[in-house]
Ligand SMILES: Nc1ncnc2c1ncn2[C@@H]1O[C@H](COP(=O)(O)OP(=O)(O)OP(=O)(O)O)[C@@H](O)[C@H]1O
Ligand SMILES: [Mg+2]
């Protein structure tokens, strides 16, 4: 059995490096995500948090290092095998990334219609779309256009569209940024509920303390292209490195 899977590790990033020209963004990043774990990634703006996510799904090719997803070396996969594995990784983009010209219903149907092997009847599509919308508490918005949604609603719909693929691993890029504290709390509770109901594992990029408090079982700090500290939120708050505890002041 694969070493990574035998320890309940669903995602392993090892010695990952990525430069853009002379800018060394990721400089040997290591990370293990275990089953049912929610890890929050903290790091200053521009340190490569989003680049890390993009490398994990191979929207960006890393220069060197390893990425193992659910026991498979994703960097070695191509075509269909890569697509199959990507479906198991739900990437929740900042802002939701909905198609403006499509209704909520069509936005949610889209990934189901265009993934391989998914020949579903309209009745099956309706059922899946409705289930996903009920899950995020927005079934009444099914026929709305994205322009009719608030920022918080758009984030929820973005989440519903990711969940509809039933991913094993979720990557949330700043899921609560730009939202008021109440909506931000609701989205964070939703992230927790999703983890508990679907037994997913998540990486969450966030510097929103409330979101971290609600969702994180572990916090990892990215500094100069490497993860330099990890532990519980409480351990991070009292960490000896002033760089680490500065995030909580
Ligand atoms: N495709 C690209 N080409 C060139 N440079 C890039 C590319 N993508 C990202 N970068 C650079 O890599 C660095 C890290 O970007 P990244 O988006 O990962 O930052 P971040 O940690 O997510 O920051 P923020 O908290 O502001 O979202 C930045 O300097 C950015 O300009
Ligand atoms: Mg970013």
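None of the figures in this text is laboratory data; all of them are computed from the coordinates on show. Predicted model, so just to flag it, every value in this text is computed and none were measured. Reconstructed Cβ throughout: ideal geometry from the backbone, glycine too, with neighbour counts over all protein chains shown.
Taking only the alpha-carbon positions of the chain and ignoring solvent, what does the Debye formula give for the base-10 log of I(q)/I(0) at q = 0.13, 0.15 Å⁻¹?
Calculated log10 I(q)/I(0) at the listed q: -0.83, -1.10.
Could you give the distance between the Cα centres of segment 157-231 and segment 45-124, to the whole Å?
17
Fewest Cβ neighbours within 10 Å first, please rank 26, 138 accordingly.
On the way: 26 26, 138 19.
So the residues, fewest neighbours to most, are 138, 26.
How long is the gain from residue 238 to residue 145 if the chain were fully straight, where each residue apart is worth 0.36 nm and the alpha carbon distance is subtracted? Numbers along the way, then the final one.
Working: separation 93, 0.36 × 93 = 33.48 nm, distance 4.56 nm.
In short, 28.9 nm is gained.
Could you tell me how many degrees, from 0 to 90 and to the nearest 10, lie between the Cα long axis of helix 151-163 and the main elongation axis, the longest principal axis, of the Cα atoms of the chain?
90
May I ask what percent, to the nearest 5, of DSSP beta bridges between residues of segment 69-205 are antiparallel?
10
What ranking do 91, 114 get, fewest neighbouring Cβ atoms within 10 angstrom at the top?
Ascending number of Cβ neighbours within 10 Å: 114, 91.
Full extension from residue 80 to residue 245: what is 0.36 nm times the residue separation minus their Cα-Cα distance, to one decimal in nm?
Working: separation 165, 0.36 × 165 = 59.40 nm, distance 4.36 nm.
Computed gain between residue 80 and residue 245 is 55.0 nm.
Most exposed first by the Cβ proxy, i.e. fewest other Cβ within 10 Å, how do 176, 47 rank? It would help to have the intermediate numbers written out before the result.
Working: 176 26, 47 19.
Listing 176, 47 from fewest to most nearby Cβ atoms yields 47, 176.
Round to the nearest 10 and give me the degree value, 0 to 90, for the angle of helix 104-113's Cα axis relative to the longest principal axis of the chain.
Tilt relative to the chain: about 70 degrees.
Cα axis of helix 122-135 to longest principal axis of the chain: angle in degrees, 0 to 90, nearest 10?
Relative to the chain, helix 122-135 is tipped by roughly 50 degrees.
So what's Rg/Rh here for segment 92-166, counting alpha carbon atoms and using the Kirkwood radius for Rh?
Numbers: Rg = 11.3 Å, Rh = 12.1 Å.
We get a ratio of 0.93 for segment 92-166.
To the nearest whole percent, what portion of all C-alpha pairs in segment 170-249 is separated by more than 18 angstrom? Intermediate results must be reported in sequence, preceding the final value.
Values: 1344 of 3160 pairs.
Of all Cα-Cα pairs in segment 170-249, 43 percent lie more than 18 Å apart.
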